[in-house]
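Below you'll find the structure, written out as structure tokens, and then a few comments.
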Amino acid sequence: MTDILMPALSPTMEEGTLAKWHVKVGDNVKSGDVIAEIETDKATMEVEAVDEGVVEDILVAEGTEGVKVNTPIARLGGDGDSAPAPAPKAEAAPAPKAEPAPAPAKAEAPKPAPASAAASSPAPAKAADGNRIFASPLARRLAEQKGVDLSAVQGSGPHGRIVKADIDKAQPASPQAASQAKAPAPSAAPAAAAAPREHKTLEQMGIAPGSYDLIPLDGMRKTVARRMTDSFRDVPHFPLTIDIEIDELLAARTKINGLLEKSGVKVSVNDIVMKAAATALMKVPEANASYSPEGIAMHHHADIAMAVAVPGGLITPIIRAAETKGLAQIATEAKDLAERARNKKLKPEEFQGGTFTISNLGMFDVEEFIAVINPPQAAILAVGSIRQLPVVADGAVVVGQRMKLTLSADHRVTDGAEAARFLGAVRRLLENPMRLLLS
């Protein structure tokens, strides 16, 4: 019998929601068959079987949230249990032919006797060599909790494997065994005792009970909260802000979209900012880096992650090697990634592993903000809204279009001068957009 475990679909995944089963008890599955859909904090992905067999049990129901990675979610039998079978068959086969050599037959005879008295003294569930006890992970865990000696349990599963039902029927070997099974509990006490120090309840902070509605945290919100807390606590952020004029950028965007009108592609200001940032990262590689205890990783390409707001949080799909792509291609990819991000249809490799992030709140009329770095990246660029302001040009006051950019940088990786050089490179590209066509 083979347990199917909750898979880790990304390096940071700790738990997920079992959204849907594509199989039911009794179905035959082959390696590679899609058996379930798992919803993580970022996306919904299909899970394939890695073994062949028959679905004997569904351990976790559809819609179950908070299923920890490596938790058994289903059980396969059939082909999955064929490995232990040859040993019993090899012993049983010689019995009819064994008249010249009765010794093996006698060796077999004592085994049925304990089985008939299983209620008082069960036979141990061991492999043919007498060393290994065959038991499901769930049965082992329950046996430890109840203080049941697995060597004294007769398994009722395939090939004598001990299953949950056998443990339910068994009694602890002794009161001492039961107390020993519960012994690990005190080791968890320090962690439990430490929990109140991490946060206080709302009531403890003066919020009256019943004066609010509590919305439970979903997987995405928990992950965002944990990662941003870790980042703001552990990464030494420093911000730099510049104010750029974008009259030429807006005029160039209008011309570009006119040329692309028949193709259905529409380039946004954010697409142009991503292209400018990617180009600037190649000119100032110190901003396109990651910190690690072993050293500073200098990335070969500008893999630009763009923050996309989705229900319950945000996700950062990535434009890979953005410095090598034109504005039309960036616009097409960005639109597709954003749409699939909102529908939770991204693959892990499409939102993991970026080297730099851009977060744009300009559409919400936010003039300026400081974004939190997304580790292991060393920087994130916050883009504010476009504003019409009076500016001085050639000694005269005219109306100009302005936009603020704020870079949050990791001081372990880069310093103020390098970060300023990066922003200067971005400014030159955005204020003179024809440079983007030549880069």
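The values are calculated or read from the model by the stated rules, or taken from the named source; none is laboratory data. All of these numbers come straight from a predicted model, not from anything done at the bench. Don't worry about glycine lacking a Cβ; one is built from the backbone with ideal geometry, like all the others, and counts go over all protein chains shown. Calculation scope for accessible area: heavy atoms of the full protein, side chains included, ligands and nucleic acids excluded. Shrake-Rupley method; radii C 1.70, N 1.55, O 1.52, S 1.80 Å.
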Scanning region 280-318 for residues that are open to solvent by less than 10 Å² (accessible area, probe 1.4 Å) and closer than 17 Å to Leu436 by Cα gives Ala280, Leu281, Val284, Ala302, Ile304
Only residues in region 328-341 that are over 17 Å from Glu261 (Cβ atoms) count as the first member; pair them with residues that are acidic (Asp, Glu), Cβ under 8 angstrom, at least 6 apart or cross-chain, and list the lot.
Ile330/Asp271; Ala334/Asp271; Leu337/Glu350; Arg340/Glu350
Are any residues in region 358-407 of a type in the set (Val, Ile, Thr) and within 24 Å of the chain's Cα centre (by Cα), and if so, which ones?
Ile358, Val372, Ile373, Ile380
Does region 227-251 hold any residues that are among the basic types (Lys, Arg) and open to solvent by 80 Å² or more (accessible area, probe 1.4 Å), and which are they?
Arg233
Could you please let me know if Ala393 is touching a residue at least 12 places away in the same chain (Cβ under 8 Å) and either open to solvent by less than 60 Å² (accessible area, probe 1.4 Å) or among the aromatic types (Phe, Trp, Tyr) (or both)?
no
Just for region 1-20: of the residues that are of a type outside the set (Ser, Thr, Tyr) and in a loop (DSSP other than H, G, I, E, B), which one is surrounded by the fewest Cβ atoms within 10 Å (Cβ to Cβ)?
Pro11
Within region 235-252, the residues that are part of a helix (DSSP H, G or I) and either in contact (Cβ under 8 Å) with a residue 24 or more places away in the chain or in contact with a strand residue (DSSP E or B) (Cβ under 7 Å, 6 or more places away or on another chain) (or both) are Asp247, Glu248, Leu249, Leu250, Ala252
Tally of residues being open to solvent by less than 50 Å² (accessible area, probe 1.4 Å) and either touching a helix residue (DSSP H, G or I) at 6+ places or on another chain (Cβ under 6 Å) or in a helix (DSSP H, G or I) (or both) across region 321-330:
5
Limited to region 253-279, what total is found for residues that are in contact (Cβ under 8 Å) with a residue 12 or more places away in the chain and either within 22 Å of Phe356 (Cα to Cα) or surrounded by fewer than 17 Cβ atoms within 10 Å (Cβ to Cβ) (or both)?
16
Got at least one residue in region 409-426 being modelled with pLDDT under 95, open to solvent by 50 Å² or more (accessible area, probe 1.4 Å) and small (Gly, Ala, Ser)?
no
Condition test on Glu37, is it surrounded by 16 or more Cβ atoms within 10 Å (Cβ to Cβ), under 21 Å from Asn343 (Cβ atoms) and either modelled with pLDDT of 85 or more or out of contact with any helix residue (DSSP H, G or I) (no Cβ under 6 Å at 6 or more places or on another chain) (or both)?
yes
Within region 331-439, which strands (runs of 3 or more DSSP E) (wholly inside it) include 3 or more residues that are aliphatic (A, V, I, L, M) and on the phi < 0 side of the Ramachandran plot?
379-393, 396-410
Selection from region 344-363 of residues that are without any contact (Cβ under 8 Å) to a residue 40 or more places away in the chain and either touching a strand residue (DSSP E or B) at 6+ places or on another chain (Cβ under 8 Å) or open to solvent by less than 20 Å² (accessible area, probe 1.4 Å) (or both):
Glu350, Leu361, Met363
Of Val60, Val55, Val23, the only residue that is in a strand (DSSP E or B), of a type in the set (A, V, I, L, M) and open to solvent by less than 40 Å² (accessible area, probe 1.4 Å) is Val55
